[in-house]
């Protein structure tokens, strides 16, 4: 499947700002978005649709592609969940205003690339 963890650069900056201003209790933070389809093919199709014609060609290592001897080095399948610093659930006794201030300000939580033409 070739799953690749992703995060929008603006979301990463927001996380760094949050960590600097309010030190989390967690020693390590995994910063990935919640994009549903994180396959390399889906990512390449999204990029191609923004800067090209949207077409991609999938290749693997076989006799036809002998010049791609390092293609297996590009195959990864990494599935991560976001760290708890992103888990913003409203507590029962928390009012909406306080929750909105505390909630992580995602720019791109579930969409890797949005096409705005």
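The values are calculated or read from the model by the stated rules, or taken from the named source; none is laboratory data. Please read these numbers as outputs of a predicted model, since none were measured by experiment. Cβ atoms come from the backbone with ideal geometry, glycine included; neighbour counts cover every protein chain shown.
Would you mention how many residues in the stretch 59-80 are at pLDDT below 75 and either within 18 Å of the chain's Cα centre (by Cα) or not in a helix (DSSP H, G or I) (or both)?
Counting residues in the stretch 59-80 that are at pLDDT below 75 and either within 18 Å of the chain's Cα centre (by Cα) or not in a helix (DSSP H, G or I) (or both) gives 13.
Which residues, taken from the stretch 8-36, are in contact (Cβ under 8 Å) with a residue 40 or more places away in the chain, under 11 Å from the mean Cα position of the chain (by Cα) and surrounded by 14 or more Cβ atoms within 10 Å (Cβ to Cβ)?
The answer is 8, 11, 30, 31, 32, 33, 34, 35.
Among the residues of the stretch 15-36, count how many are under 15 Å from residue 84 (Cα atoms) and assigned to a helix (DSSP H, G or I). Give the steps one after another, and end with the answer.
Here is the first cut: in the stretch 15-36, the residues under 15 Å from residue 84 (Cα atoms) are 15-16, 18-19, 22-34.
Retained after the next criterion (residues that are assigned to a helix (DSSP H, G or I)): 15-16, 18-19.
Count: 4.
Hey, among the residues in the stretch 89-98 that are assigned to a loop (DSSP other than H, G, I, E, B) and loosely packed, with under 13 Cβ neighbours inside 10 Å, which one's farthest from the chain's Cα centre (by Cα)?
Looking at residues that are assigned to a loop (DSSP other than H, G, I, E, B) and loosely packed, with under 13 Cβ neighbours inside 10 Å, I get 93.
Could you tell me whether residue 3 is within 12 Å of the chain's Cα centre (by Cα), under 20 Å from residue 104 (Cβ atoms) and modelled with pLDDT of 80 or more?
Values: within 12 Å of the chain's Cα centre (by Cα): yes; under 20 Å from residue 104 (Cβ atoms): no; modelled with pLDDT of 80 or more: yes.
Here the answer is no, as residue 3 does not meet what is asked.
With the condition kept exactly as written, say whether any residue in the stretch 45-54 is modelled with pLDDT of 80 or more, surrounded by 10 or more Cβ atoms within 10 Å (Cβ to Cβ) and at positive phi.
yes
Take the residues in the stretch 37-49 that are in a helix (DSSP H, G or I) and free of Cβ contacts under 8 Å to residues at least 40 places away in the same chain, then tell me which one is farthest from residue 80 (Cα to Cα).
Going through the stretch 37-49, the residues in a helix (DSSP H, G or I) turn out to be 40-49.
Now narrow it down to the ones that are free of Cβ contacts under 8 Å to residues at least 40 places away in the same chain: 40-41, 44-45, 48.
Working: 40: 15, 41: 18, 44: 20, 45: 22, 48: 25 Å.
Ranking the qualifying residues of the stretch 37-49, first place goes to 48.
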